[in-house]
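Take a look at the structure set out below.
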Amino acid sequence: MIIILFFIYFGLSSPISEFTLEAPYTTLLKNWKKVGKTNVINDTMIELTPDTPSVSGLIISRKRIPIKSFKMEITLQMTSNKEGKHADGIALWFTQTPLKTGKAFGANNKWKGISVIFDTFQNGKIEVPTAQMIMNYNNKEYNGETDGIDIMSKSCYFGSYRGNPFTVYFEYNHDTHEINLDLQQQGKEKVSCFKAAVFKMDIGQYFGISASNGDLSDSHRLLSIKMIDPKVKIPKKKEYKTKEPETEELKLEPIINNFNEEEINKQCNDNEKCKMVKIYNTIGNISDELALNIKLAKERNEILNKIYDRMEKTSKSVTYLRSSATVLKTIHDIQDDEADKVSDFFTSIGDLMDKITTLGHSFYSSNNQYEKVISLTINDYFIFGLQLILFIAVLFYTVILYSNNFNRII
């Protein structure tokens, strides 16, 4: 089962998974094209531009967005070791054709589609830092000298952004043609930037992220991209409150402790009939304990089988496969624990059988005129019978307890 999960995990490749990019960015070259100064830094971040003047960088998806409505979560960071002012900023792009490098935050300044620009350059035209959305239907040209005010559709001030990462939540609803944009600084509450902005986005857009530095500079960083299909409902994790079986450990220790020659002689005062009753009662107690643990084992099996059935019915998404693999590991850990319990159980049974053997010899050899004859015949048969009864009981318990587990879960 684990091998099957392994191949399914690595064989699955959903369309929107190609638009998810997370550290250590192993899918960057496969699913994205990087241009300019864009570079992966120590497998922990993608630096769109280094903290150097007059440079730019860009990554663009190799494929078009395959779904009509979608959500995206993009985590960015803008920081510098230098004092003073910093610029220019980062832009997100949804365009009909793949972007090329240009003067609009590292991308070409004519496009058809949507751009969300995080402008950090203070030139007096707008308050910075500002998030502005440009809905460009007709390849209008972005003018950096005026911060694109003439073609800007929406804008909002997004506050103190420096140093700590911030996450952009972008949502497009194809049915209503509405765009929502929320921003969240690390450690702070989410802030609504644009709400229900109407724009009809053509199906099959390319997605890109760009950044640029002018005379001032900044280290513009991309930490992660995640695309979500809002029509795929992720089931909420249900909390199943099942009563945990009290124990599956055999309570043989009290039985063994009470089953010794001194204790039985004290209780029976050398009455052979009493001693025989004690022996049979001991066997009865063991049988009762076995029956109880068979019941508890069945309860544990039912719980494990429910977990296994839910794993088989679950979604084949990467998240659920990881969850399934974790559950499988838990089940096998339980099996290992059960094996340890079986080992302890057989040790306890062995100790008890040794005591029965010793006690049987003592009962039938003390103060008996037929000592020699009985010790060679009846005593041997009696001890053999007790051991046979115990062996059958143990075998029955073991088969019932573990046949379901090892046949059901591989």
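Worth pointing out:
- Any hit, the stretch 133-143, residues being surrounded by fewer than 17 Cβ atoms within 10 Å (Cβ to Cβ) and part of a strand (DSSP E or B): yes
- Residues satisfying the stated conditions in the stretch 87-144, i.e. closer than 17 Å to residue 221 by Cβ and either of a type in the set (S, T, N, Q) or outside the structural domain of residue 177 (by TED's automatic domain parsing) (or both): 120
- Residue 209 vs. criteria buried (at least 18 other Cβ atoms within 10 Å of the Cβ), at pLDDT 85 or above and closer than 22 Å to residue 45 by Cα: yes
- Residue 182 vs. criteria in a loop (DSSP other than H, G, I, E, B), more than 22 Å from residue 61 (Cα to Cα) and acidic (Asp, Glu): no
- Inspection of the stretch 74-85 finds no residue satisfying the criterion of being closer than 19 Å to residue 48 by Cβ, β-branched (Val, Ile, Thr) and buried (at least 22 other Cβ atoms within 10 Å of the Cβ).
- Counted residues, the stretch 103-157 - those being charged (D, E, K, R) and at positive phi: 1
- Residue within the stretch 105-118 that is in contact with a helix residue (DSSP H, G or I) (Cβ under 9 Å, 6 or more places away or on another chain) and without any contact (Cβ under 8 Å) to a residue 60 or more places away in the chain present: yes
- Enumeration of residues in the stretch 173-206 that are under 24 Å from residue 77 (Cβ atoms) and surrounded by 13 or more Cβ atoms within 10 Å (Cβ to Cβ): 179, 180, 181, 182, 183, 184, 185, 191, 193, 194, 206
- Top-ranked residue of the stretch 75-89 - restricted to ones that are out of contact with any Ser or Thr (no Cβ under 7 Å at 6 or more places or on another chain) and not in a loop (DSSP other than H, G, I, E, B), ranked as nearest to residue 60 (Cα to Cα): 76
The values are calculated or read from the model by the stated rules, or taken from the named source; none is laboratory data. Worth saying up front: this structure is predicted, and the values here are computed from it rather than measured. All Cβ positions, even for glycine, are placed from backbone atoms using ideal geometry, and neighbour counts span all protein chains on display.
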